[in-house]
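Please read the structure below before turning to the comments.
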Amino acid sequence: MLESTESETDAGMLAKLTPWLLPVGVLVCAAFGLTGALALALGVGAAFIGANTAPESWHKRAHWLLQGSVVALGAGIELPVVARAGLDGLGVTLISISAILLIGNFIGRLLGVPRHTRLLISAGTAICGGSAIAAVAGVLKPRQHETAAALGIVFILNAVALILFPFIGHLLHMSQPAFGWWAALAIHDTSSVVGAGMAYGPEALTLATTIKLARALWIVPVAFLIAHLESRHCKATGTAISGADAKGKFPWFILGFIALAALRWAVPSLAPAGDWISLAGRHGLSAALFLIGAGLSPVALRKVGWAPAVLGLGIWIPTAAIALVFVVVCH
């Protein structure tokens, strides 16, 4: 009887402490600026012990914290760097986005993945993960489980890349610029690109972030292209057009990043303040990655399914391998 009472007391205390685990984790990551891999791992651990009792609410907070942190990083970068990264990668971006969309659609057909699901996964792999999926979902208006599957796959692969890429980079003795290019070309979400760059070094972080944000601007033309193709497909098959428009969700935080980078370039005397803001952004990213990890629950893993997961891997692994060869040869 005494043991039963003690176990009930312990369970009650744990239940009271659980809602506080995520706020404390966010504060610790933000205060100490933990590495991306460690912050993500702590978040996953919190998710698996049931600490995330309000996943939708924390997901929104992670989203805003991530975007705000990326904007803050712009204060540590000069605008010409962003412009040069976009121009330098223009040809690579055009070829890679086109190839990934075509190959993803082809592999998805072979696997029997529904049309909207394969378009979402392909767009997320080609451009910038969750932001691209949100934009294309705004065009296609897919079923909720299709969007959830695409986001779940991209999220899991982001978590893998965040840990695996720095390890491979060090194993191959890649320079920081080379790793920055590879991370920006082969990792889905901006958050994981930034996290991997932060784990590898400051130069890798700066280059990876600028290249990825320049690449993310392609969300808009790709969303319009998919809207046009969807309209043609619906007319050809006689089905109703599911997407209302091609506006999607443009990642406006990119403009904030560019604005702070431009301000630093235009007013050099603000550079010291910009460095402090950029540091705060890196600490904020650590907290955001913790919350992203806290969203990776066993339930989220079960929702993915095998065919979309195989499609996600089937696109991502060749993309990462080809990007690695390209970077090694060119650097």
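The values are calculated or read from the model by the stated rules, or taken from the named source; none is laboratory data. Here the structure is a predicted model, which is why all the values come from computation and not from measurement. Every residue, glycine as well, gets a Cβ built from its backbone with ideal geometry; the counts of neighbours run over all protein chains shown. All accessible areas refer to the heavy atoms of the entire protein, side chains included, with ligands and DNA or RNA removed. Shrake-Rupley method; radii C 1.70, N 1.55, O 1.52, S 1.80 Å.
Structural remarks
- For the stretch 139-151, residues that are on the phi < 0 side of the Ramachandran plot, open to solvent by 20 Å² or more (accessible area, probe 1.4 Å) and either outside any helix (DSSP H, G or I) or in contact with a helix residue (DSSP H, G or I) (Cβ under 7 Å, 6 or more places away or on another chain) (or both) total 4.
- Sole residue being surrounded by 20 or more Cβ atoms within 10 Å (Cβ to Cβ), modelled with pLDDT under 75 and among the β-branched types (V, I, T), chosen from V71, V82: V82
- When every residue of the stretch 215-234 is checked against the conditions, none turns out to be among the polar types (S, T, N, Q), assigned to a helix (DSSP H, G or I), on the phi < 0 side of the Ramachandran plot and surrounded by 24 or more Cβ atoms within 10 Å (Cβ to Cβ).
- Sub-8 Å Cβ pairs linking a first residue in the stretch 37-58 that is farther than 17 Å from L164 by Cβ and of a type in the set (S, T, N, Q) to a second residue that is assigned to a helix (DSSP H, G or I) and modelled with pLDDT of 80 or more, at least 6 apart or interchain, are N52/L22; N52/A46; N52/W58; N52/A294, ordered by first then second residue.
- Within the stretch 158-187, residues that are over 17 Å from P318 (Cβ atoms) reach partners that are among the acidic types (D, E) and outside any helix (DSSP H, G or I) with beta carbons closer than 9 Å, at six or more positions or on different chains, in the pairs N158/D189.
- Residue within the stretch 316-327 that is at pLDDT 90 or above, in contact with a Phe, Trp or Tyr (Cβ under 6 Å, 6 or more places away or on another chain), open to solvent by less than 20 Å² (accessible area, probe 1.4 Å) and among the small types (G, A, S) present: yes
- Single match in V136, V154, V193 (criterion: in a helix (DSSP H, G or I) and more than 28 Å from L229 (Cα to Cα)): V193
- Members of the stretch 120-133 that are part of a helix (DSSP H, G or I) and either in contact (Cβ under 8 Å) with a residue 60 or more places away in the chain or open to solvent by 10 Å² or more (accessible area, probe 1.4 Å) (or both): I121, S122, A123, G124, T125, A126, G130, S131, A132
- Of all residues making up the stretch 95-111, the number that are surrounded by fewer than 15 Cβ atoms within 10 Å (Cβ to Cβ) and under 19 Å from C128 (Cα atoms): 3
Let's see how each residue does on (1) closer than 24 Å to I95 by Cα; (2) of a type in the set (K, R):
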{"site": "C128", "(1), (2)": "yes, no"}
{"site": "A132", "(1), (2)": "yes, no"}
{"site": "A135", "(1), (2)": "yes, no"}
{"site": "K141", "(1), (2)": "no, yes"}
{"site": "L157", "(1), (2)": "yes, no"}
{"site": "L162", "(1), (2)": "no, no"}
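- When A137, A149 are checked against the criterion of being of a type in the set (A, V, I, L, M) and closer than 21 Å to Q67 by Cα, a single residue qualifies: A137.
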